[in-house]
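Take a look at the structure set out below.
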Ligand code: AMP
């Protein structure tokens, strides 16, 4: 897609620190990492988010992620990954990507709820009404 920053990176029109590539995916370091080594696993084909990803692509991305976890562990002594995919309101770049955030310490990332939350009972009441 013409005005997509990740398409431009994949084409080589914008520089990046590439760490892996195959027929289906391109992986490069996030320019604004949460921990040392955060990278983005990006399908070469321009699709918006996980809704548009084929089963084949998701399985492939999962295998790439597993392989990268081992490499991070060996090279950086990381202990696990936090895996994030933003879609909708939280997605800044509208080209499907999965963040791999290598973890080193328990508290190197924190997800903080920024407003008051409902109780679990209230949430579950809606789920019981609407989901089942
Ligand atoms: P998201 O909010 O999930 O769409 O995240 C987009 C991510 O892309 C952010 O973590 C950005 O730091 C990252 N990003 C944006 N532009 C670049 C770039 N040119 N090279 C590497 N990472 C980028």
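Coordinate-derived values only; no laboratory data. Keep in mind that this is a model prediction, so the values were computed, not measured. No Cβ is skipped: glycine too gets one built from the backbone with ideal geometry, and neighbour counts run over all protein chains shown.
Filtered by the rule that a residue be surrounded by 13 or more Cβ atoms within 10 Å (Cβ to Cβ), under 16 Å from residue 40 (Cβ atoms) and out of contact with any strand residue (DSSP E or B) (no Cβ under 9 Å at 6 or more places or on another chain), the stretch 88-115 gives 91, 94.
For the stretch 100-120, indicate whether the set of residues that are farther than 27 Å from residue 9 by Cβ and part of a helix (DSSP H, G or I) is non-empty. Yes, some residue in the stretch 100-120 is farther than 27 Å from residue 9 by Cβ and part of a helix (DSSP H, G or I). Looking across the stretch 78-112, the residues that are touching a residue at least 60 places away in the same chain (Cβ under 8 Å), within 13 Å of the ligand (Cβ to nearest atom) and over 12 Å from the mean Cα position of the chain (by Cα) come down to 94, 109.
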